[in-house]
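Only one structure is covered here, and it is reproduced in the block below.
The values are calculated or read from the model by the stated rules, or taken from the named source; none is laboratory data. Since the model is a prediction, treat every value here as computed from it, not as a measurement. All Cβ positions, even for glycine, are placed from backbone atoms using ideal geometry, and neighbour counts span all protein chains on display.
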């Protein structure tokens, strides 16, 4: 599939169906949705279900239900269709292979027979504390054509990272510069058995779905220079990136899908008014001093990215209790 040539504002929501969405996801997705809608843009919903071993039955349908309960909508997605489908990564494998073939033709990638564990780890979206060890370039003297001589021996396709920093103007953090050659080195984009890695899949999907604006958690800042390099190697224009500070608990650890108390499905089951939650999230984003019962559409044009706090959002048990107790005491937007 060829990326669209025109570049209107197109944002995306890309949950991974590996568990229920939590409050941190809700805040990030609300910000991403508003950034697109405020600009008069479109929104694409994509399920990042590439790692089948971690996908949970019913999680994709649950994510859709959670997002709609919150008041978000989208113009393209697995439940509404669209011109760039399918909107589940598991159904796009052949397209990733075609993109990888283009990288092979230019020798931008090479076969690496190091660490199978590293290859497996590349399937999942990485986090700031899970980038893995620095790859020393053990197999970098190989060319793409050398894969034929490996026979049935399993290997990974690694992307050759040039020794130079990559910079971008982050929509939230301002000017950011990272040198991927010093932060992990050559990275995995695929496997010999045909399974693509996260970095390749997300770049291909955003490009071919016409996404021009990516708002996501700041745990993915280390992935951004790698993805920009892939865009360049494939001849595609990178989107504008914005990285939102994560939601964390009082102990400073980021929220986890295993904690039922912070899941949107749990809040739904407890009868929490989603408009109350949206008002609380808007307050957490710095758009209002007082939580106001509201819908996402009430914040279109009132949700500047520049107002977002630069520190992580601390979600405490007390704030969750207050969310329930205030369900009948807030005003309207």
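Listed values, structure above:
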| item | result |
| --- | --- |
| Flag for residue 107 being within 21 Å of residue 231 (Cβ to Cβ) and part of a loop (DSSP other than H, G, I, E, B) | yes |
| Candidates 67, 72 - the one that is without any contact (Cβ under 8 Å) to a residue 60 or more places away in the chain and crowded, with 22+ Cβ neighbours inside 10 Å | 67 |
| Test result for residue 194, closer than 30 Å to residue 253 by Cβ, at pLDDT below 95 and not in a helix (DSSP H, G or I) | no |
| Residues of region 273-311 that turn out to be touching a residue at least 40 places away in the same chain (Cβ under 8 Å), surrounded by 19 or more Cβ atoms within 10 Å (Cβ to Cβ) and in a loop (DSSP other than H, G, I, E, B), as a count | 4 |
| Residue among 55, 43 that is within 17 Å of the chain's Cα centre (by Cα) and surrounded by 21 or more Cβ atoms within 10 Å (Cβ to Cβ) | 43 |
| Some residue of region 252-269 being over 29 Å from residue 58 (Cα atoms), touching a residue at least 60 places away in the same chain (Cβ under 8 Å), out of contact with any helix residue (DSSP H, G or I) (no Cβ under 8 Å at 6 or more places or on another chain) and in a loop (DSSP other than H, G, I, E, B) | yes |
| Residue in region 313-328 that is at pLDDT 85 or above, within 27 Å of residue 74 (Cα to Cα) and surrounded by 15 or more Cβ atoms within 10 Å (Cβ to Cβ) present | yes |
| Yes/no for residue 92 being over 17 Å from residue 268 (Cβ atoms) and surrounded by fewer than 17 Cβ atoms within 10 Å (Cβ to Cβ) | no |
| Residue list for region 214-251, restricted to those being more than 11 Å from the chain's Cα centre (by Cα), under 14 Å from residue 202 (Cβ atoms) and outside any helix (DSSP H, G or I) | 222, 236, 238, 239 |
| Scope region 67-92; condition under 20 Å from residue 37 (Cα atoms) and either modelled with pLDDT under 95 or not in a loop (DSSP other than H, G, I, E, B) (or both); matching residues | 67, 68, 69, 70, 76, 77, 81 |
| Selection count where residues are surrounded by fewer than 18 Cβ atoms within 10 Å (Cβ to Cβ), in contact (Cβ under 8 Å) with a residue 60 or more places away in the chain and closer than 16 Å to residue 313 by Cβ, scope region 217-251 | 3 |
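A quick yes/no check of all residues on (1) assigned to a helix (DSSP H, G or I); (2) surrounded by 17 or more Cβ atoms within 10 Å (Cβ to Cβ):
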residue: 175; (1), (2): no, no
residue: 190; (1), (2): no, yes
residue: 200; (1), (2): yes, yes
residue: 203; (1), (2): yes, yes
residue: 210; (1), (2): no, yes
